[in-house]
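Inspection log for the structure reproduced underneath, given as structure tokens.
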Amino acid sequence: MRVYLIATFIALSLIIASCLNDDKVIPEPTIYLDMDEEGIDVDIDSTYTIEPKIIYDISSSYDWQLNGETISTEKDFLFKGYDYGTYDFTFIVSTPSGSDSMKIPVHAIDFCTFEENEFLEDSGFYYYSTEGYISFKHIQFSNNYNGNNIDWSGFAVSNKTDKTSTKLSNQFSVYNTSGAESSENFGVFKQSDEILHKITFSDGQAHSLKSMEVNNTTLAYSTMIGGFEKKDTIDYYLLTINGYDESNTIISSIDFYLADYQYPKSTERYIVTTWKTVDLNPLGDVYSISFQLTSSMDTSSDYTMPKYFCFDNLKINN
């Protein structure tokens, strides 16, 4: 009898333990989304699907809200057809165990990435516009071409990434393995002493610029590596971006060092060799912008600084 009771107790214990194991508590859902702190930039000419990842996504319901109103109950949201501006979405996921929410700012802006173009040929670059400018969407990049690869200035489009050759024929190469964000194409700027080249807008209106990516060309990098003095603290290569009003007057400027050796510690000196973001918001609303390149080598009798730099991903707020 005693053995029977012990066996019964063990059996009941196993049954209870099994039931408890089957009755596990499922945690509340958690939302994850890979985005910058400021939110997501989306080209107004494209469509973009926002795809949140959810931990413990079990028997879930979804709610996308804008200005407190539900605009979708799907898990993924297709951002399409929105005008310029910032849209502060709220995504909510609810399960029987609880809920989670996330604020998702989306910035509808205009991108100039140079990926969609009809210019590049087998040479891998284009700079010989006879119209006086190269046009992408409603953006115009001024250009001056005199019939050869020496007497040109302004803007070009390229996909060249030769980091070795220092010949003039390599003037369209970025000192990198690709355009910004692993893209194929990018812009190249060559300065002229006689012509002020600008980026303008075909609608003739003022626009606010958000940012662009910049990097050195191989020619500029090679010259600085060979010409910068390693022991003094005077060398630099400076990009100045000027914004203009309707009367063609400079109203704002931004400085960005493509190389800076003006530090006593060698660990603080640098030459840009990766794509760097330049914040253009401080320019404000402008009708056009121009680039000016200056360096500590401009008065050198030993070196001639090639006035080039590369840029990509020009973003326009509105």
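A short reminder: the numbers here are calculations on the coordinates, not readings from a lab. Note that the structure is predicted; figures quoted are calculated from it, not measured. A quick note on method: Cβ atoms are made from the backbone with ideal geometry, for glycine too, and the neighbour counts reach across all protein chains shown.
Percent of C-alpha pairs per 5 Å bin in segment 224-280, short distances first: 4, 16, 22, 18, 14, 11, 7, 5, 2, 0. Size check on the chain: the Cα extents along the three principal axes, sorted descending, read 110, 48, 40 Å.
For the chain, the longest principal axis of the C-alpha atoms and the axis of helix 2-22 are separated by about 30°. Could you list, in their original order, any pairs among LYS163/LYS265; LYS160/LYS210; LYS103/LYS137; LYS163/LYS230; LYS230/LYS315 whose Cα atoms are separated by more than 29 Å? The pairs that break the limit, which is 29 Å between Cα atoms, are LYS103/LYS137; LYS230/LYS315.
Principal-axis analysis of the Cα atoms of the chain puts helix 218-227 at an angle of about 70° to the longest axis. In percent, rounded to a whole number, the relative contact order of segment 30-109 is 37, using alpha-carbon pairs under 8 Å and six or more apart.
Ordered by packing density, taken as the mean number of other Cβ atoms within 10 Å over each peptide's residues, highest first, how do 305-312, 95-102 rank?
Working: 305-312: 22.8, 95-102: 14.2.
Descending packing order for the listed peptides: 305-312, 95-102.
With a cut-off of 14 Å between beta carbons, the residues surrounding ASP83 carry a summed charge of -2, where Lys and Arg count +1 and Asp and Glu -1.
Jot down the per residue volume, in cubic angstrom and as a whole number, of the convex hull over the alpha-carbon atoms of segment 102-162.
Working: hull volume 8.1 nm³, N = 61.
Convex hull of Cα atoms, per residue: 132 Å³.
One quarter of the surface of the convex hull around the alpha-carbon atoms of segment 173-318 equals 9.6 nm², the direction-averaged projected area.
Across segment 27-34, computed HN-Hα scalar couplings (Karplus, 6.51 cos²θ - 1.76 cosθ + 1.60, θ = phi - 60°) run x, 5, x, 10, 9, 10, 8, 7 Hz from first to last residue, x flagging Gly and Pro. When the helices of the chain are scored as -39500 (n - 2.57) per DSSP H run of n ≥ 4 and the total is divided over every residue, the value at 222 nm lands at -3000 deg cm²/dmol.
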